[in-house]
Structures are given as C-alpha cells and as structure tokens.
C-alpha cells in the first residue's frame, strides 16, 4: 500500500514527495525525513561491507504502526534523470513521473 | 529445564534405585549425533532423561498425541542370574511388561541385565554359565533384536571392566533414545503436517493446530533444541499472520472469528514466565483474543531467543510485533476501547525493555541502545497520546469524561499485577505532575539514545514532540530550544513542509515568550511562506503590521532582515552606463519582490551610499564593475529564504574572476600576472558544512544594523504589492567619484527591514569632463585645392559656453577659411540658440559661439580650402606643410597636413589641430628626344575619386625667353576621370643653343566635373630639366654573315655600333668630365654595353667595352661585336647602352654620400628599360630636390672608377626598337613548340 512516495536527493532534500491522503501530508514529510536516518545508516553500512552494492532495496526504513515504507521507483526515476532538460538537483516536475507515482498509489493502495 | 524425556523403568526397582544416580549423571555426559529426517542437518545433542517407574497408565492411549508425557524408552531391569528364578518369576514379569508395551504399540524398549560378582558368588552351585541367562532372555524376547538386551557388569565397582560395561550401556541407551525420538517425532511431525494440510477444511481450528505444533516445540525445547523450537513458533506466527492478511483481502477463515472479539484485556506482554499457562489455556480453549495469542506467541519466542542469547532480536521483533498487532487489529476490525491499544503497547514496550535489562548488564545495554531506542521512542509516543487522551497533560487537569475513560482503561488492565502493570497503573492513577515527569524522562532517554546512535533526525523528532509537551506545560523556553534545533535540521536539508510547521510552533512560542523581534522575524518568514494558506499568511503579516502601527518611542524600533520581507531581485540604472557627468540625472530602479501576502505601505525605502572620490579621472568610462550582459542591470541571485530545495545554493555562487597584473613601479614592466577570484569568501564558505547555508533561514535574525551613510537614496511612501515592485530612486550626482550602494532599508512604522549588504556590489560613477574640440572632415578624404567642408564638434564638458565666447582661429596662408553666410550650429540642447557668426581679419578668424550649457555638443561646419603646393623647392621646407608620400601602393598620393591653431575661451593654451588634405593629382614629366629635337611630356594622373575637367593646360619656361614651347595639345578642355591620366606634349624649339637646364612650370585649371567656369582652380607643377642637349647618337647595324642576305638563327652575325658625338662640348662638360690626352686632344671615356635582356641574342666575345671619344662634334667611333640570334623571326636589336666612364684619377677626397651612391647606382640603372626612362626622370627631378648638383659631388666622392648613366636626353639611340629578320637555320626541320 503505497501512501507516500518520496525521492530524496543525496543532500537529503526532497526531489519529489507526494502522498495520497493529502490532509496528512505534514506527517508524511516528518516521517520521510526521519526515515533518512535509517537510509543513511544502511547506505553507510553497505559502503563498509563492500557487499552487494547493487542491492538498491533498503528494506524497512522507518518503524511505524501505521504504514510500512519502502524505497522503490528506480526506473521511472532513471527516466527523469535521463531527460536532457532536467537539471540534476532540481525538484522533479515531470508529468510522466507523477503519473507513474499515481499509478503505484492507486494500484496498491 | 524441568522437562526431560520420560524413560520408564520396570523390573527390579531396588536395583534401579541403586543405579539411578550414576545413570542420571552419566547419560548426558557424552553428546550424540542425531541424524534427522527431511534432510535436516545432523546435530550433536546431550541427552537427559526423566526416569520414572513403569506404570501402564503412562503408556499413551490411542489418539493421545501429547509428546511431553510420551515415554520414549522403556527399560526392564533385572539382576537375575538364577535360571530357576528366571523361569519362575522374572520371565513372567517380563512377559507381562512386553505385552502391555505391545498393546500400546511401543517398540522402544531395552532389557538391562546387571551382573555382579556378589550374585555370582552367592549362587555358585546353581550357576549357569554367565551368558546363559542373557542368552535365554535374548532368545525369549529379543527376537532378532539382540541389541535390546544389555549387560551391565559390576556397576557399583570402580574397575575398568565395570566402566567399560557402563559405557556400552550408556551408548546403547542414547542410541535407542535417539532412535525413539526420530521415530516418534517423525511420526508426530507427519501427523502435524497432515493436520496443517486440512486447514482449508471448514472445521479446522488454528488453536488446535497451535497446540499440536507447540507440543513439538516443547519437545525440541526439552531436548535443548531451542533453534528448532523457535522455528515452530515462527511457523505458527507466519501462518497466523497470513490468515490475518487473507482476511484483509476478503478470505475469511471461520476460526478467526474468535480473534475478532472485542478486546477486553490490554495488560501488555508478559515475558517473565517461560510459559504463560493462563494464556495457553485460553488458546487451548479457543477463547484467546488476538492480543492474547500474540502475547503468548511472543513470550515464547522471547524465552527461546533469550535462551539463544539473542536479546537484541527480541527488541527488534517486539517493535515489529507491536506495530503488527495494531495493524492486525485494525485489519480484523476488532473493536478496541480508545486508548486501550496505547496502553497495551506502552506496557509491552516497558515489559520488553525490562526483560532485556534483566538479562544484560549495563554496558551491553548501552552498547546496543540502537536496538532498544525504537521501543523507548514508541513508548514515549504512546504515553504521550495516553496522557492526551486521559487529559493528564492539559493544564486544567482531566475532565470527568477523561476520568471515565481512565477508569475504563484501568479495567482492561485486569488484575493488578505488581510486576507488570505497575508503571501503567502509576501513569493512569497518578496526577498529571508525575506522569509528565515520567514522560519527560522517557523522551529524554529516547532522544539521548537516538543521538548516541547517530539518528539525529529521529532525535529531533522526539525533541519536537517534547517541545510540544513543554509548550503545553508552559515551559516555552525549553520548547523553543528543541524547536529551533529541529528547524535547523529541516532548513538545512530543505524540507519545506516541516520547516513551515515547526516555524509556526516557534512563532507561537516566541509570541508567548514576548520576544518581539524574534517573533516578528518568524512572522515575516511565515507571512512569506507559500506552504501556508493565504489566511494564515495574512494573519502573520498582520501581526507585523500591527506592531509596526503601534505608536511607540523610537528606541523601540525593531530591525529585521530584509530577506524575509522582500527580495531584491534586480537593479537597473538609467542611463545604462551607470556613469553620468556631475549634476546629471541618474535613476536607479530597484525591483523588489515582496513576499507578503498583502500590499504593505512602506514609509520609506532608503539605500545608503558609500562615496569614493575618484582621482583616476576615468572620465565617465564605466570600469566594468558590472559585468552583466545587460548593461546597467544587476540581477541578484536569491538564496531562497523559505526552505525550498537548496539546489541553487548547492551549486554555489559562480566564480568571479579578475585578471591581476603586477607591474614594477619604476618602469611599468610586467612582473607577474594572474587570475584572482573575487568572491572567495562566498565560495569557500560552502565547504564549511557546519555553517547554515543561508542567514535568513536562521531563525535567530542576524544582527542587522543600518549604517548611517552620508548619502542616502530615499523614496517616501511606497506601496509594495505582493510580487515584483519597481522603485525608482534619483541618485545624487553632485560630486565626481564612485558611489557604491551598500545597504537597503525599508521602514514600516516601528519595523525596519534591512538588507545589510547588497551583493554583488553595485556602483555608479559621476565624472567631470574637460571641454573638447574636434575637427573632422565632413567627407573623407579632404581634397586639396578645392573648397572642403570641415565639421567642428565641441563637447562642452563642464564648461558652459556663454554669450560672446568665440573660437579664434589663426589664419594660415595655405588654408584659408572661406567665409560663408549660411553657417549655423547644431547643439544637443534644442533650447539653445544656434546662430554662429564668423568674423575674419588678416590674422584671425573669430567664430562666436551660441551659449551652450555644460555637457552638450555643439556642431558646426566651415568651408576651408587647402592650397595645393606647386611643388617648388622653396615651399617644401615650409614649416606648415609636410610632404608625405603615402605608403599606399595603389595610389601614390601626396597629402598636406596644415595645422590650425585655435584659441578657446576655456583654456589659455591654443589647441593645435591638423587636417590631412590629399592632393588630387600626381604629375610626372619626361623629356623625349628625336635626334636633336626635344619634346617635353607632362602626365597628370587623377588619384582622387572625383572626376575633373582640366582646362588651359600650359607649359612655360622661365629663364630662356628665346625658347619656344610649342604645344602639341589639341583640346581646350580635357576630361580627367578618377584614376586616369592625361598626357600633354610640347616640342622645344630654340634658336641658338639649347640651354642645358630648363626651368618649366606646368599650369592648368581644374574643377570638378560639371561645374561652371568660376569653379576652376589653378594647378601648378614646377619642374627642372637638366642636360637636355643630345651629346651622342648611337647607331647600330646588324650585318648578316658574309654571303647571306639575312641572318640565320644559330649563325654568327656582326653588330656594328656607331657612336657619334653630335655637339661641341659645352663649358661645364669640358670642366667636369673630360681630360686631356697626351696628344692634346680632349677625349672622354664612354662605356658601351650590349645587353639583351630578352635572351634573343647571344653576344660572342666582349659585350662591353671602353671607348675614348674625342670631344669634338661628329667624332665617331665604331665597334664591331659578334652576336648570334637564338631564334628566328623579327628580332628586336639587342640593347646598347652608353655610359659615362669616370676613371678613379678623377676622384677628389670628399666625404662620400651614401644616399646618392645608392641613388645613382649605375648597375641598377643598367637594367632599366627605356620605358622607365620617364619615371626615372621624375624621380631624379624629385631627388634633386634634396640637394642641387649632388651628382657632381658623388662623382668626386668615390675613389673607384665609376660608371654614370647619361641623362635621358643626352644619348639618342637610332636603333631603338628596330628589328631584324632572322631566318631559321636551313636544316631546322624540327619545330619546337613550347606551350606554356
């Protein structure tokens, strides 16, 4: 059940964030932000172990009784980044990306 | 572990009792390898057993699947060694034992025969061989199973034999036990699987199955196989979870109904007992609620994990479990009392933490707080919501409704259990004060732990909730600290929504704290925050305006950062050069993007200016301080004040580079050069990760102080609308110098918004300029000899032209200023008058100027005429006229540069101005001879772009009146087109003697084409011809070979050169170049040379030679030379040159003149063709300008014998341009064709 999808830049600011129950947007923002702790932890752990760095899926990021959060959505993100008019580091405003995100939310949630 | 596998003992109880201790001790001593079915890895296990007396009731009845009470092995003990006794009693007893086992289908048994020496001794007489009793038993009972009967010898003796027999017995027992386990467990597992496969059948019950699988888990636990036991529970867990998920997906199982019952008890996990029998019974009865089941399951998992020394997995699983339970209850739509789950979760968290603390020491706990912190935070969270629910945290205290709820919740906790419920009881029962302390403690603990494990964001989130709590408790200062910290983190990472939310909380906090300045700053930020609704933004904006509107004393003024209120986006100068002369109007247009949601009335916008006196005197040229593409416009790149993505700032400001050159002060030579980065302070700051990216983002406002500059740009009463606003300042431009804009300040009542530093720096220049007068031709090029228009441009600079001011032009003869009636001036000031009056006197032309204000342009035109110098020698050294030969190869044009001297009213010095006039004509002359007759040719070439009419062409000779120059020109008027030439010819006639030197003046009138006669201007050209008289005639003949009529190519011919003296020697000639021969005859030496430049002829023998000519008329000298024609056809005669030969004896030691040496280089002249003669003459004539009679000097100047050419008219060549027919050689039948 995808209720919130966020793409975060490596400097930890949101490139894209969207959630389905819009009235709870703020809470999602807080949650996503806090989950960056775990992301950082996991990423640095990957770097240390030099293990399978191709494993992009980081697993459960933030323990919450309400939702489970995952990190996904790489292909579409790659598409956005391949757009020659997209300036890496800018917030994502692609309609196609938006559409795919909505699709994921509708399909599963 | 109390539970051990049960082993029954039958037979001689006394015997068993005597051996029990050592048996029970020794059995687990050695491990055994347990081979497992289903490919499970073999394990080494230590076997223990619970030896009980055999009773028939112990044997499991049909269908009883209990494993814990299952006897895995049956032992029959006997020490019988008497055959009789065996037969009479023991055998019977054994038979009975065997039968009862068989009826229960138990095949796991063993008979132990104990032998002692004592018994042997006792019954010596009846003794059978030792083996016989055993053999008997074996034959009676162990049909094909000989290993089912074991002998134990002397068990109580300490001998090697006894030890050996003990060992073999133990090994046997262990083997048999394991076999029994494998068999019985295998059977059990199969049954269990079968049962599980039936789960789709309607009557299937999870609780039943649970009991079965748990039995297995118990056995594994009993065997100390905790891993296996855990697996059983995990399987159960997974199965249940799957069912709940299926339920969520609409696939309902009947048995789940019992779990959907409303939750009545929420007393939390109970982890202290290994088995919570109370809950287990509930499950067995099918009465357990979901929480009961989960609690029991987890308590078992927890127990096993702790056995396995994995306490941290407990915490992790606990958190998952708690989240999961909450979700499952929601999924199953179980009705739960509000707050009950919070209670359960809170208690459970504490219970888990308590349990973990119980099995770990403090150091371990501290090292692993990353595992426990989640629970702490969760507990904190739940406690918070509980507190809110029960009204414990509100300042008024709980309402009656809250109290009712509390009572309900307490009921759900069930019996008061001191060891678990304590904290929750405490929480709910104690007054608000203590719960708050408790909560505070929990929060702080969680925060500390998060911080310790580096999860700063989580710590801040907890901190934020703590802040909310403090806020409610009225401890706002503490709350603000936490909020600020959280805000900092959100801002630095660009999370706009949390930033807005936190900022709102801070604003509330600051308002209550009465920190006006901070509050206004935050309000301003919020008022400009797009994440808020317009109403909210308006509210915060109004807060500022309300404060601003308060009439307070001036000390009360609040200074805020401009960035939160409005952004300076653009600055534009009018005019764009940002550089004006002093006193001129310079406007500065600011574009301010107002971030407020409503329009704001500003009392004053002011920009302070720093003034530098500019000593450099750059005279208004912009120094390129603003290097924008749009001149005069400065764009300010914004560090976004609200927390957008910091992408733009992440890239950093672009480098601003400048070239630096280090020059030596003494001679201005370049010492070093380099590139310097002007904004290092900004770029380097980026690398400092600790510093906040943008000052306006900081909630504590930077200390902004408005520096009172000496000069300010001010605009009063401006209304700033939301969005871009344009404000126009009129900049002061009194003093010349550089003005730098430093700060910007907007004042709204009591509030000042200050932009402390305008960057990139913006400056404009005010300059002062000296008056400048320039004179330039109206059309290029200026032609001499014709009236030409010249434009005077006067830039008044700082000088104001007053009435009566006049320019005084000193007249020159070569360039008179033509008076003109219609002379007006044009000024850039339309209001000024434009009447120009010109008054000329002998010396001075005075031009009175119309009054003109400073920094204006005054233009007027004058007609001037440059008189063409006639080329007379005396004029060439005139100071004012310089002849120049233009290096332009195409048009070898002469020009004159007369200088004007102008006295200006603003200066005591005269201004010297030079104009360049081009002479439109180039004139050449040449002397042509035909025997004794002489002709003078003048060529006038028009080098200008204008077409002229040439009229009244005239040539006069000044000195010799007797001389007559007869014009051979027919036309009165000649058209002389641009770049074309006109040739005029005169024959020279004389009566007595031809003078050797002629002073000629060529004159003509010219005017541009199609103009009337009055426009004709005279043109003069003076030149001098020397040595005009023909001295020698040269006549050449080519004689065909003897006997031939014509020359043939390849055959030698004779060339006869006949040089004849035509005149008596003149006086000068006698003196200068003759010498007297020994015989008294005056002779002069000539050199002749036959040169064929076109390779038609081969000269055989000497091609040149000396001839001594007597200096009398008609003296003739003939020279015979053999030449050979190389080609057939009409060949021109080879050229014959005659030169003066000057022997070295004639030399007189005079300083040699290298210039003339070069000029008269005879060898170079040898190559000159006759066509060039005219040109040579003109060069000579010009050359002679430098020094009269230089030829004489140079002859004497050189000690070597020299050759000197004759002047063009002195030698007349009769055979010039003659041709002779040459026939081809007779046998020349091959024709050569050269194609090139």
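Tabulated data
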{"item": "Distance in nm between pseudo-label sites at residue B:907 and residue B:962 (7 Å out along the Cβ direction from Cα)", "result": "6.1"}
{"item": "Pairwise FRET efficiency - residue B:320 versus residue B:41, Cβ, R0 = 25 Å, nearest 0.05", "result": "0.35"}
{"item": "Rel. contact order, % - alpha carbon contacts under 8 angstrom, at least six apart, the stretch B:920-1026", "result": "30"}
{"item": "Mean Cα-pair separation over length for the stretch B:318-385, i.e. relative contact order, pairs under 8 Å, 6 or more apart, %", "result": "47"}
{"item": "Net length gained if the chain between residue B:468 and residue B:411 were fully extended (0.36 nm per residue, minus Cα distance)", "result": "17.5 nm"}
{"item": "Normalised contact order of the stretch B:206-454, rounded percent, pairs of Cα under 8 Å and 6 or more residues apart", "result": "20"}
{"item": "Label zone at residue B:1098 (point 7 Å along Cα-to-Cβ), backbone N below 17 Å, the stretch B:1027-1067", "result": "B:1041, B:1047-1055"}
{"item": "Pairwise label distance in nanometres, residue B:1214 with residue B:171, each label 7 Å out on the Cα-Cβ vector", "result": "15.8"}
{"item": "Efficiency of FRET between residue B:613 and residue B:539 - r from beta-carbon atoms, R0 45 angstrom, step 0.05", "result": "0.35"}
{"item": "Label-to-label distance, nm, for residues given as residue B:147 and residue B:977 (7 Å Cα→Cβ offset)", "result": "13.6"}
{"item": "The stretch B:920-1026: C-alpha pair distances exceeding 17 Å, %", "result": "52"}
{"item": "Shape box of the stretch B:734-820 [Cα atoms, principal axes, largest first, Å]", "result": "78, 32, 18"}
{"item": "Förster radius 22 Å - calculated FRET efficiency between residue B:189 and residue B:252, Cβ distance, rounded to 0.05", "result": "0.15"}
{"item": "Order by protection proxy (mean Cβ within 10 Å, highest first), peptides B:279-286, B:525-532, B:1129-1136", "result": "B:525-532, B:1129-1136, B:279-286"}
{"item": "Cα centroid separation, the stretch B:899-917 to the stretch B:946-1019 (Å)", "result": "38"}
{"item": "Peptide-level mean, for A:8-18, of C-beta atoms on other protein chains within 10 Å", "result": "4"}
{"item": "Cβ neighbours within 10 Å from other chains - mean over B:451-459", "result": "4"}
{"item": "Difference of contour (0.36 nm per residue) and Cα-Cα distance, residue B:721 to residue B:199", "result": "180.7 nm"}
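Laboratory data are not the source of any read-out in this text; all were calculated from the coordinates shown. Just so it is clear, the structure is predicted and the values come from calculations on it, not from any experiment. For neighbour counting, all protein chains shown are included, and Cβ atoms are generated from backbone atoms with ideal geometry for every residue, glycine included.
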